[in-house]
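One structure below.
Bear in mind that the values in this text are calculations on the coordinates, not laboratory data. These figures come from a predicted structure and were not determined experimentally. Every residue, glycine among them, receives a Cβ derived from its backbone with ideal geometry; neighbour counts consider all protein chains shown.
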Amino acid sequence: MSRRAVCSLVILALAACSPGAPAESAPSGPQARDSGRREVAVFAGGCFWSVEANFEGMPGVVAAVSGFAGGRAANPTYDQVVRGGTGHLEAVQVTFDPARISYRQLVDRFWRTIDPTDPDGQFCDQGASYATAVFASPAQKPAAEASRRAAAARIGAARFVTPVRDAARFWPAEAWHQDFARLNPVRYAGYSRFCGRSARLRVVWGE
């Protein structure tokens with residue numbers, strides 16, 4: 001059983017009697033007309049519930065889908081990935097309108113929602129499948145690398161371990177993982193609080 005699964009069992013008991021804080025919200029900005037253009041970005045940031053929640057609702061983001069990337073097995077299941085051996089990371093595929101938000105803005109946003117100094121996972125989710133990465137196409141790599149350098153300069157390049165990796169096949173996760181924070185706000189808020197996400201992000205990035 002993954003560490004997150006153990007945490008979730010505890011949270012199920014806590015959530016019934018303890019209202020949670022809302023999931024982390026995306027920054028607001030001026031609304032522009034949808035251009036109809038679509039591009040995708042893929043980010044691995046530990047628990048895909050959290051990565052998805054941090055991008056959904058962001059101006060210019062059309063959809064965020066939880067899944068897996070970077071591994072060897074085709075069409076992996078959640079259980080296969082968390083058991084290890086497939087090489088996949090939990091990841092989120094973000095579909096966006098490049099006329100409303102740039103790829104660079106998405107990458108800049110991503111860094112601030114993770115702890116890029118942890119090589120072994122994120123917060124209470126530790127293990128190979130919870131490692132972090134930006135999966136970038138050849139066209140995206142210059143912007144991703146520039147964003148990484150800027151973020152690393154803020155907290156120290158020697159401490160910054162999250163890589164920019166080559167784009168990899170993305171596989172959607174099972175339906176019950178999709179929109180988890182939005183559909184299960186109390187459970188998600190309890191999980192996030194139990195894992196100490198907000199407190200750790202303040203340590204890493206400041207207020």
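The table that follows gives values for the structure above.
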quantity	calculated
CD proxy at 222 nm, helix term only [per DSSP H run n ≥ 4: -39500 (n - 2.57); per residue of the chain; nearest 500]	-10500 deg cm²/dmol
Relative contact order computed over the chain (Cα-Cα under 8 Å; 6+ residues apart), in percent	29 percent
Coordinate range along principal axes, alpha carbons of segment 157-207, Å, largest first	38, 32, 15
For the chain, with +1 on Lys and Arg beta carbons and -1 on Asp and Glu, the positive-most of 57, 142, 191 along the dipole	142
The chain - Kirkwood radius from inverse mean 1/r over Cα pairs (Å)	17.3 Å
Whole-number D in µm²/s for segment 88-195 (Stokes-Einstein; Kirkwood sum over Cα pairs; 37 °C, 0.692 mPa s)	214 µm²/s
Magnitude of the charge dipole, segment 30-160, Cβ model with Lys/Arg +1 and Asp/Glu -1, debye to 20	500 debye
